[in-house]
Structure formats: C-alpha cells, structure tokens
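The values are calculated or read from the model by the stated rules, or taken from the named source; none is laboratory data. None of these values were measured; they are calculated from a predicted model. In this analysis, Cβ positions are derived from the backbone assuming ideal geometry, glycine residues included, and neighbour counts consider all displayed protein chains.
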C-alpha cells in the first residue's frame with residue numbers, strides 16, 4: 001500500500017512557497033532531500049504545465065526508492081483556492097495500489113472528490129475507493 005497525506009494551507013504567497021513546503025514534507029516522509037525534491041518539481045514544471053484541470057495541478061517526483069505515495073494539498077493563493085496532488089513514485093517499480101488509485105481518480109469526478117477533500121479522513125475514504 002502506498003502512503004497518503006493531506007495538508008490544508010490557508011494562505012500561500014506563491015507556487016514557489018508551496019513547492020518549498022511540499023519539499024520539506026517529502027523529505028520528512030520519504031527521506032528524499034528537500035533540495036532534491038524542489039529541483040525535481042522545478043525541472044518537471046519547466047517541461048510544461050502540470051495543470052490537469054481548473055486550479056488542479058499534478059506534479060510528480062520520480063525517484064528510485066521503494067516507498068511511494070501521494071500528498072494532497074488544498075490551498076489558497078492570491079485569493080483563489082487550488083489543489084495539488086503531488087505524486088512520489090518509482091516509475092520502474094510503480095506500486096500496484098498507487099497505479100490503480102491514479103487510474104481510478106484521474107477523471108473529472110475523481111478530481112472533484114480531491115478538490116472537496118477537507119481532511120485526512122476524507123482522503124482515506126477516497127484512497128479506499130469511496
């Protein structure tokens with residue numbers, strides 16, 4: 001089973017600030033250096049938009065570790081609300097449960113569920129198929 005975490009941020013000044021926050025969380029949860037995580041997020045964003053829906057981003061961090069998971073962040077930036085689903089994955093050995101979750105959730109109905117998530121219990125229900 002993959003890890004999942006939820007964070008609500010009431011006010012963030014920039015995407016850079018959000019990415020720094022997430023980098024520190026990934027470091028604590030997955031033992032990947034925060035600077036490395038921030039670099040991976042920045043490199044991915046340079047390749048093109050990670051936005052997959054209105055105010056919904058899907059950045060991902062690829063690494064060679066075994067622990068994989070998601071970090072869902074609902075946040076307020078510049079007077080509007082947005083959601084980011086950060087995916088931490090090993091593309092060579094993708095966690096089966098994580099792959100199934102992503103296949104199930106990456107559609108309009110699934111994105112709406114994630115947008116409306118308000119705590120870790122909500123996220124747990126979504127992860128478990130609710």
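Quick notes on this structure:
- Selected residue [within 13 Å of the chain's Cα centre (by Cα) and either over 19 Å from residue 126 (Cβ atoms) or part of a helix (DSSP H, G or I) (or both)] from 11, 5, 19: 19
- Among (1) within 22 Å of residue 113 (Cβ to Cβ); (2) in contact with a helix residue (DSSP H, G or I) (Cβ under 6 Å, 6 or more places away or on another chain); (3) in contact (Cβ under 8 Å) with a residue 40 or more places away in the chain, the one test that residue 26 misses: (1)
- If the condition is being out of contact with any helix residue (DSSP H, G or I) (no Cβ under 6 Å at 6 or more places or on another chain) and more than 18 Å from residue 24 (Cβ to Cβ), then the range 58-88 contributes 58, 62, 64, 66, 76, 78, 79, 80, 81, 82.
- Matching residues in the range 18-32 - criterion: being exposed (fewer than 15 other Cβ atoms within 10 Å of the Cβ), over 15 Å from residue 72 (Cα atoms) and modelled with pLDDT of 95 or more: 28
- For the range 115-128, the candidate set comprises residues that are free of Cβ contacts under 8 Å to residues at least 60 places away in the same chain and outside any helix (DSSP H, G or I); within that set, the residue that is farthest from residue 59 (Cα to Cα) is 128.
- Test: residue in the range 42-55 that is surrounded by 18 or more Cβ atoms within 10 Å (Cβ to Cβ) and modelled with pLDDT of 90 or more: no
- Being closer than 22 Å to residue 6 by Cβ, in contact with a strand residue (DSSP E or B) (Cβ under 7 Å, 6 or more places away or on another chain) and part of a helix (DSSP H, G or I) is a property that does not hold for residue 24.
- Residue satisfying all of: in the range 84-114; in contact (Cβ under 8 Å) with a residue 60 or more places away in the chain and part of a helix (DSSP H, G or I); surrounded by the fewest Cβ atoms within 10 Å (Cβ to Cβ) among these: 97
- Any hit, the range 29-51, residues being touching a residue at least 24 places away in the same chain (Cβ under 8 Å), within 24 Å of residue 128 (Cβ to Cβ) and in contact with a helix residue (DSSP H, G or I) (Cβ under 6 Å, 6 or more places away or on another chain): no
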